[in-house]
Amino acid sequence: MAAAGSSSCIQVLSLYRTMLRESKKFSSYSYRNFALRRIREAFQENKNETNPEIIQELIEKAKSTNEIIQRQVLIGHLYTAQKLVIEGQ
């Protein structure tokens, strides 16, 4: 997102890093990789956005998505499953 101001640019970058960090907490390999891929794709798709109103909408949507990720990570830790072969032991 080519944010219309340095404060929203900083906010977007901070949110991006936070979402990546939270997604890395998924205990499930599949969920973790899916979330990381989708976050990168979504931010990449919108990196050239210049309309401040649309940028603000995207920021709010990302914040909401981050809250969902945090809840799902917590739930995932409550109900652990066996690791996949690809994850190692």
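Loop-located trypsin sites (Lys or Arg not before Pro) across segment 31-89 with a Cβ neighbour count of 15 or fewer within 10 Å are Lys47, Lys83, with loop assigned by DSSP. Each of Phe43, Gln70, Thr80 was scored by the projection of its Cα onto the charge dipole of segment 18-89, and the greatest displacement toward the positive side belongs to Thr80; charges sit on the C-beta of Lys, Arg, Asp and Glu.
Per-residue surface analysis assigns Leu74 an accessible area of about 110 Å², computed on protein heavy atoms at 1.4 Å probe radius. Taken per residue, the accessible surface of the chain reaches 72 Å², heavy atoms only and a 1.4 Å probe.
How much of the accessible area of the chain, probe 1.4 Å, is carbon plus sulfur, in whole percent?
Working: 3460 of 6420 Å².
Carbon with sulfur: 54 percent of the solvent-accessible area.
Each of Glu57, Glu87 has its accessible area taken with a 1.4 Å probe; listed largest first, they run Glu57, Glu87. Using bins of 5 Å that start at zero, the share of Cα-Cα pairs per bin across the chain amounts to 3, 14, 23, 21, 15, 10, 7, 5, 3, 0, in whole %.
The values are calculated or read from the model by the stated rules, or taken from the named source; none is laboratory data. Given the structure is predicted, the values throughout are model-derived calculations rather than measurements. In this analysis, Cβ positions are derived from the backbone assuming ideal geometry, glycine residues included, and neighbour counts consider all displayed protein chains. Just the protein is used for accessible areas: all its heavy atoms, side chains included, with ligands, DNA and RNA removed. Shrake-Rupley method; radii C 1.70, N 1.55, O 1.52, S 1.80 Å.
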